[in-house]
Structure formats: structure tokens, C-alpha cells
Amino acid sequence: MSDQREVAIVRWPGQAPFAQDGPAELLAAYHLQTQAEKGEACAGVDELPDRYRVEITDPHAVFADDVVLLALSGDTAVGCVVVTARVDGPSEVKRLWTDPEFRGRGIASRLVRAALAQAAESGVSLVRLSVWKWRAAAIALYERLGFTVTESWDERDGLVCMERAV
């Protein structure tokens, strides 16, 4: 088993040519878990709502204008995060996921810090995110990294909206 020193954070697809599927498997796990937590469990990717399924089947197209960061242990993607590219206005951090076997090693923190650095490099001054209210560990992580709860911009019940200056 790898430790956190052996996990590299890279931009996909550019710095991870061998990880052609990139975040697909991680996104599948993320969306299937989220649907189950919402009480809308799916038996597989084919049952996911179209807007989520396409992220898994064609991440190149869906995230073409965004930055996808992967945490790699060797040639294996063990974590991911997406940073939306905004010309004017805040960037958004979304789809943060770490393979359950690799949790507790600081990978999610490293991914979020890399996302914040990416946003800063693009000249963005504010990063926001939304997280389901039952994901207490994720909310605590975001708070440790300087995010604060803000007024919701999303109409879905159960979401906590957060933001942080960069």
C-alpha cells in the first residue's frame, strides 16, 4: 500500500498520459455514492442521471474548459477534483473524491490546495463549492482550508455553499 509521499497531484490529461480514463472510475464512485446518500441508489453507471453519466463516459468533453487534477499512486488514479475555469467571477471546486482505500492520508487536502493554486494562477480571486450537508467530514476539511459557509446559489435542498478568497 502507498503512503501520501508516493501520491502525486497532476493535471489530467496532460501530465498523466497513461491514465487515459483519467477520472472516470473515480467520478463513477463519486456519483454512485452521492445518489445512494440522497436515497436514489443506482445499481450502476447506466442508471445515473444523464448529466452525471456523461461526466463518466466522456470526461474530456464535459471538462474541456475546466482543470481536472488527479492524485496518482503510481499509474493509478486515487483521487480527483475539478476546478471550473471562469473568465469573470469565481471558480468552482467540484467532484472532490478520494478512493476509500486511500483516505486518511491527506490526499483530499492536497487536491483542494492544488485546486486553489490553479485558481490563483488563472487570476481568480474567489473559489466556491457546494457540498451535501450530511458530508460533515468534507465540510470540516473545507473549513480547515479556509472556506466559509455563504448564502446558497443552488436551489437544491441539502446543499451547503462555501467560498474562499485566493
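Below is a table of values for the structure above.
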item: Exclusive hit being under 14 Å from VAL68 (Cβ atoms) and either among the aromatic types (Phe, Trp, Tyr) or modelled with pLDDT of 95 or more (or both), set LEU129, LEU116, LEU111; result: LEU111
item: Failed criterion for ASP154 (all others in (1) part of a loop (DSSP other than H, G, I, E, B); (2) more than 20 Å from HIS31 (Cβ to Cβ) hold); result: (2)
item: Single residue of VAL68, VAL81, VAL127 found to be buried (at least 16 other Cβ atoms within 10 Å of the Cβ), in contact with a Lys or Arg (Cβ under 6 Å, 6 or more places away or on another chain) and not in a helix (DSSP H, G or I); result: VAL127
item: Within the range 26-85, tally of residues that are among the hydrophobic types (A, V, I, L, M, F, W, C) and under 21 Å from ARG105 (Cα atoms); result: 13
item: Answer from GLU55, GLU37, GLU92, GLU47 - the residue that is over 19 Å from GLU6 (Cβ atoms), of a type in the set (Asp, Glu) and touching a helix residue (DSSP H, G or I) at 6+ places or on another chain (Cβ under 6 Å); result: GLU55
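Each row is one residue, and each column tells you yes or no for (1) modelled with pLDDT of 90 or more; (2) in contact with a strand residue (DSSP E or B) (Cβ under 7 Å, 6 or more places away or on another chain); (3) at positive phi.
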| residue | (1), (2), (3) |
| --- | --- |
| GLY74 | no, no, yes |
| THR84 | yes, yes, no |
| ASP88 | no, no, no |
| ARG95 | yes, yes, yes |
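The values are calculated or read from the model by the stated rules, or taken from the named source; none is laboratory data. All values derive from a computational prediction rather than experimental measurement. Cβ: placed from backbone, ideal geometry, glycine included. Neighbour counts: every protein chain shown.
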